[in-house]
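A quick write-up on the structure given underneath.
The values are calculated or read from the model by the stated rules, or taken from the named source; none is laboratory data. Worth saying up front: this structure is predicted, and the values here are computed from it rather than measured. Positions of Cβ are generated from backbone atoms using ideal geometry, with glycine treated the same way; all protein chains shown enter the neighbour counts.
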Amino acid sequence: MLLLIDILNWKTWSIPIIGAFIGWITNWLAIKMLFRPRKPFKLLFITFQGIFPKNKPRIAEKLGIIVQRDLINFGDIKDRLQDTDALYNFKEEIALRVDYAIRERIEKSALLDAIVPDQLIQSVHKTIVDEIEKNLPNVIGTSIDKIEQKLDIQTLVQRKVEQFSDEKLEKLLLDITSKEFTFIELIGAVLGFLIGIIQLIISSF
């Protein structure tokens, strides 16, 4: 009966409510400290700085490694560009451009336009397109290999991330993880509230 009376008393609920607030504010503060303060701030003998701003060079380096190793695979790119559908699309696009280029140059010359028959144009066009089609897979493969040798994805990504301002880095990370951070804050409030309820139950015995 005494416990029921206590439950109906608003002062009783102050313990779990305060616990919920402490749990929420603690997690909120921990999330803020991931990004703030952006610049090193020294208090007595301790220097404070947000985890992400402080470790931006290391984050940039690790992100560059991950992108190059796991996300951008030149072997996969080469395979996709050399599959049947891709080669067919390349062939069709090249065929249109070759036909247009041949006819445009012939039409610019009144003499050629008068003496070159359409059958010859088609024959030349077919020869060029067939030659391109035959060598296209090797050309694509060689081109991708050269790009892979010259393009250092890891360094490129690392430099881009290092050039991000702290504000831009914070916005980028919050855009990705804002829902998760909100959930963490709520979990802190819920756990604080439950701990407060447990304290009530323990103190009632």
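Counted as qualifying within region 32-129 are the helices (runs of 4 or more DSSP H) with 3 or more residues that are touching a helix residue (DSSP H, G or I) at 6+ places or on another chain (Cβ under 6 Å) and either assigned by TED's automatic domain parsing to the domain that holds Ile147 or hydrophobic (A, V, I, L, M, F, W, C) (or both), namely 56-66, 74-81, 84-108. Given the criteria in a helix (DSSP H, G or I), more than 16 Å from the chain's Cα centre (by Cα) and of a type in the set (Ser, Thr, Tyr), does Thr177 qualify? For Thr177, the condition - in a helix (DSSP H, G or I), more than 16 Å from the chain's Cα centre (by Cα) and of a type in the set (Ser, Thr, Tyr) - is not met.
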